[in-house]
Structure formats: C-alpha cells, structure tokens
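Scroll down for the structure; my scribbles are underneath it.
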Amino acid sequence: MSKRFQWQWIPVILIYAASALEVVLMVTPFAAFFYSVYTPIIDVLALFEATAWLPQFFLPHLAQSTNMQFAVLAYMGPLLAGLGLLGFVVYAGQLYYGKFVQKKLVSSGLYGRVRHPQYLCLSVSGLGFLLMWPRFFILVTFL
C-alpha cells in the first residue's frame, strides 16, 4: 500500500509557513524596506479619525499616541493572558481529576454553565496576547 499525499495538511503547512515568514521578514533587512515604504501609508491612516486606530493598534512602536484607551489596553493584555492561561490549567485539573480519580463526568463549577471552559479560557488568553502583541498574524490566528 503506497502512501499518497494528504491534502488536509495544506492549511497547516501554510499557517506555519506564514508564521515563519513573518519572523524571517521582520528580523532581516527587509524590515527596513517595509518600514520605509509603509510609514507614509501609516502616517496617512493616522490623519483620519476613522482609521487612526489601525497604526496605533497594529504598529504601536511606529505610532505616537497619547490616547489613554490604548494605555489601558496595554495593561489589560498581560492580565487577560495570565487569567486565561491560569483558568485553562485550573479547569484542566478539574476535568482530569474528575475523569481519572472520581471516575465521573464533571458538571460542577463552570463546567455546569459552559460547555468548554478550557476553550473559553484559551480565547481569553488569546485576546490578551493579541492586546500584548498586536500583529496581523496574531489577529488572524485569534479569529
């Protein structure tokens, strides 16, 4: 029986390639090209009230902002990421304790109200990481 190429791996390969490409591009001389070409576009976006949030959120190191709401978001990122990861570990412990020690279905606590509390906690931590490190790639993977 011969092994054939499995097409379901194509999206996974593309996601890993995109993440590696972003890192390679931003640590090479291409970063100088990127910032020299796109800084005028970023400056134009910052002129209009409807689009001013884009450079401030996705490229905070280039945008000069005195807006207080972005300062609050910067502090909320680590808090949400930490709480989400802590919640994930706590609910994983509750789930596996109930599964292997008590040998029963866990239906107390947040498991009684939410179908997948661990996914909820990972979503909260993902939002925190997006606020901590606002990059287009993280936004796409978060969504």
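Miscellaneous remarks
- If you wrap the Cα atoms of the stretch 94-143 in a convex hull and average its projected area over all directions, you get 4.3 nm².
- The protection proxy used here, the mean number of other Cβ atoms lying within 10 Å of each residue, ranks peptides 96-107, 46-57 as follows, highest first: 46-57, 96-107.
- Whole-percent carbon and sulfur share, accessible surface of the stretch 84-143, 1.4 Å: 68
The values are calculated or read from the model by the stated rules, or taken from the named source; none is laboratory data. Since the model is a prediction, treat every value here as computed from it, not as a measurement. We place every Cβ from the backbone using ideal geometry, glycine too, and count neighbours over all the protein chains shown. Heads up: the accessible areas ignore ligands, DNA and RNA and are worked out on the full protein's heavy atoms, side chains in. Shrake-Rupley method; radii C 1.70, N 1.55, O 1.52, S 1.80 Å.
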